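Read the structure below first, then the notes.
The values are calculated or read from the model by the stated rules, or taken from the named source; none is laboratory data. None of the values given here were measured: they were computed from a predicted structure. Cβ sites come from the backbone with ideal geometry, for glycine too, and all protein chains shown count toward neighbours.
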Amino acid sequence: MMDREGHITLLTLSLGAIALSFILRAGPDFVYIPAAWGLRAPGTCPFHDLTGLNCPFCGLTRGFVALAHGDLRRAIEFNAMAPAAFIFIASQIPYRALALWRGNEGRLGARLQKLALYLIGSALLIQWLFYLLARLL
């Protein structure tokens, strides 16, 4: 079971990620802030910077931005798991708010959260392995 501070932290991070998805815009290999005259956000993947290869998480930020702007096809092109990850993060907002309001999250809720996280994490790794195989062939 998670303590109150943990719920507040996850609620705040989830709200921030979803809010930024609506504020930012996605370019082909970057995100930018349109209100700041197209100021690009810095790259955030050291694995890609070192190897030139995508990591399992590459494209998730651009995918979140595409989803927030209603572009499912483009989100999937950025990272096939972007829709599932976006839904998981967005679902944290009511889930954590309810847990804070009720004072607990309940065992079933905690187990479902873990299961969803493991499934999405496993799917990210599997799709990354397919990406690596495609690059090698």
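Tabulated results
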quantity: Close pairs (6 angstrom Cβ cut-off, 6 or more residues apart or separate chains): of a type outside the set (Lys, Arg) in segment 84-101, not in a helix (DSSP H, G or I) anywhere; calculated: Ala99/Glu105
quantity: So Ala99, is it in contact with an Asp or Glu (Cβ under 8 Å, 6 or more places away or on another chain) and not aromatic (Phe, Trp, Tyr); calculated: yes
quantity: Where Ile33 falls short, out of the listed (1) farther than 25 Å from Leu129 by Cα; (2) surrounded by 15 or more Cβ atoms within 10 Å (Cβ to Cβ); calculated: (2)
quantity: Residue list for segment 8-44, filter: modelled with pLDDT under 90 and assigned to a helix (DSSP H, G or I); calculated: Pro34, Ala35, Ala36
quantity: All positions within segment 36-62 that are touching a residue at least 24 places away in the same chain (Cβ under 8 Å), closer than 13 Å to Ala26 by Cβ and not β-branched (Val, Ile, Thr); calculated: Leu60, Arg62
quantity: Complete set of residues in segment 70-85 that are under 12 Å from the mean Cα position of the chain (by Cα) and over 14 Å from Cys58 (Cα atoms); calculated: Ala84
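For every residue, the table says whether it meets (1) more than 20 Å from Tyr95 (Cβ to Cβ); (2) in contact with a His (Cβ under 9 Å, 6 or more places away or on another chain); (3) exposed (fewer than 13 other Cβ atoms within 10 Å of the Cβ).
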{"site": "Glu5", "(1), (2), (3)": "no, no, yes"}
{"site": "Leu11", "(1), (2), (3)": "no, no, no"}
{"site": "Ser14", "(1), (2), (3)": "no, no, no"}
{"site": "Thr44", "(1), (2), (3)": "yes, no, yes"}
{"site": "Phe47", "(1), (2), (3)": "yes, no, no"}
{"site": "Pro56", "(1), (2), (3)": "yes, no, no"}
{"site": "Ala68", "(1), (2), (3)": "no, no, no"}
{"site": "Glu77", "(1), (2), (3)": "yes, no, no"}
